[in-house]
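*Asks:* Sharing a structure below in structure tokens format, with a few things to ask.
Derivation of every value follows stated rules applied to the coordinates shown; laboratory data play no part. Just so we're clear, the structure is a prediction, and the values are computed from it rather than from any experiment. Note that we place each Cβ from the backbone using ideal geometry, even for glycine, and neighbour counts take in every protein chain shown.
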Amino acid sequence: MSRRFRLGMVGGGQGAFIGAVHRMAARLDGRFDLVAGALSSTPARAQASGRELGLTADRCYSDFAAMARMEASREDGIDLVAIVTPNHTHHAIAKAFLESGIAVLCEKPMVASLEEAQDLAALVAQRSLPFCTAYTYTGYQMVRQARAMVAAGELGEIRSVHVEYAQDWLARPVEHEGNAQAAWRTDPVRSGGAGALGDIGTHAFNLAEYVSGLRCERLAASLASMVPGRLVDDDAEVLLRFTGGARGMLWASQIATGHGNALRLRVIGSKAALDWAQENPEQLRFTPLGEASRLMVRAGPGTAPHHGGRTPAGHPEGYLEAFAQLYRDMAEWLDTGSRPHNLTGIKAGLRGMAFIDAALRSSRAGSEWVEPR
């Protein structure tokens, strides 16, 4: 470790959910100290939120643009900013910090439209700055184990990739019942026009490409708003066609009664198959063709040492551990100037937006096959 890095945050003030998750994850390895934030656009709330987190008054901003300028001008300015605001604000915030020479870790989906994603990707390439899209589940150790096994050829030729992400928290119109998280996620202005597709479908799509190593060439999507009056999709079914001829399916639903945070991935190859579920993330089921299934566990026999995680075998890791892996990777990137190969960067964010754009176009055209741009 060269030094502890200085972290800033935009969004994530009083009453926010994901900001607190990021802050806990950033602390786990002791690589980051939160020193500045534009935690709210309301000055009084920004100051109050900052005081709760121990920030000095002069580094509690209510304007992200002013924060970017001021932090870039300080000798002790932030090294990295975490953006944890609603989707429609991501582009302007990320652009302000990148133009100020500050690395970015941005919540998914990266922005609100494919055009905004392409603009950011060009800026990141121009400035050569670290940029991470926060696809949390790529931080799980057994997801990285699965990716390594596919890349090593242990599954043979990949034939099928199935991924599903099912939740039930939007099975009722809770956006009209005072639920702030639901309110912005179901507002097409703030969500970017995609509901479940953008909120959890991008996680599923990223996981499919991340583990399989394949690129989706075409898709056909059918999106639905099952709760009466809802303005964005809350259930999405997407057929996927990958490079090399592999086929796949993606289901993302936030009206799936009886499901909490049920993300599951199955990768089927000519020699073996893998099966992983987020609600039991310590385990990876590996089944060679014609043989009994083998249950691999984190840090157990047959797993790579570098996928071991922070806790001993048998002591379960969790959601925060996966998030913390992204911050550990970003610290390594800031340290060495080289992006860790497992980290989801700007290209992953751009792919996520291309998936959303293609699925929306396909669904509007009656589930026609389209290519992600």
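*Asks:* As a test of the formula, what do you get for the chain when each DSSP H run with n ≥ 4 contributes -39,500 (n - 2.57) and the sum is divided by the residue count, at 222 nm and rounded to the nearest 500 deg cm²/dmol?
*Replies:* -10000 deg cm²/dmol
*Asks:* Follow-up. For region 15-121, would you read off the P(r) tail past 15 Å as a percentage of all alpha carbon pairs?
*Replies:* Summing the P(r) of region 15-121 above 15 Å gives 63 percent of all pairs.
*Asks:* Right, here's the next one. What percent of all Cα-Cα pairs in region 83-206 falls into each 10 Å bin, going from 0 up to the bin containing the maximum distance?
*Replies:* 11, 34, 31, 20, 4, 0
*Asks:* In Å, what Kirkwood hydrodynamic radius results for the chain from the alpha-carbon pair distances?
*Replies:* When all Cα pairs of the chain are included, the Kirkwood radius is 21.1 Å.
*Asks:* Another question about this same structure. Radius of gyration and Dmax for region 163-251's Cα atoms, expressed in Å?
*Replies:* Using the Cα atoms of region 163-251, the pair Rg, Dmax is 14.3, 47 Å.
*Asks:* Determine which lysines satisfy two conditions relative to Lys347: a Cα distance under 25 Å, and not lying fewer than 8 residues away in the same chain.
*Replies:* Cross-link targets: Lys95, Lys108.
*Asks:* Another question, then. Considering the dipole of region 52-113 built from charges on the beta carbon (Lys and Arg +1, Asp and Glu -1) around the Cα centre, which of Gly77, Met110, Leu53 is farthest to its positive end?
*Replies:* Of the listed residues, the answer is Met110.
*Asks:* Which order do the peptides 277-290, 35-48 come out in when sorted by mean C-beta neighbours inside 10 angstrom, highest first?
*Replies:* Taking the mean over residues of other Cβ atoms within 10 Å, the ranking is 35-48, 277-290.
*Asks:* If you project the alpha carbons of region 213-276 onto the principal axes, what extent comes out on each, in Å, largest first?
*Replies:* Here the Cα extents, ordered largest to smallest, are 46, 26, 13 Å.
*Asks:* Once you charge only the Cβ atoms, +1 for Lys and Arg and -1 for Asp and Glu, what is the size of the charge dipole of the chain about its Cα centre, to the nearest 20 debye?
*Replies:* 520
*Asks:* Hey, what angle do you get for helix 90-99 against the long axis of the chain, alpha-carbon based, 0 to 90 degrees rounded to 10?
*Replies:* Helix 90-99 and the main axis of the chain meet at about 60 degrees.
*Asks:* Would you mind pulling out the separation of the Cα centroids of region 124-198 and region 320-352, in Å?
*Replies:* Region 124-198 and region 320-352 have Cα centres spaced 15 Å from each other.
*Asks:* If packing is taken as the average count of other Cβ atoms within 10 Å, what order do 99-109, 262-272, 80-90 fall into, highest mean first?
*Replies:* The most tightly packed comes first, giving 80-90, 99-109, 262-272.
*Asks:* A follow-up question, please. About its Cα centre, how strong a charge dipole does region 1-82 have in debye, to the nearest 20, once Lys and Arg get +1 and Asp and Glu get -1 at the Cβ?
*Replies:* 140
*Asks:* Kindly express, to the nearest 10 degrees and within the range 0 to 90, the angle between helix 64-73's C-alpha long axis and the longest C-alpha principal axis of the chain.
*Replies:* Taking Cα atoms only, the helix is inclined about 70 degrees.
*Asks:* In whole Å, what are the extents of region 7-67 along the principal axes defined by its C-alpha atoms, from largest to smallest?
*Replies:* The principal-axis extents, from largest down, are 31, 21, 20 Å.
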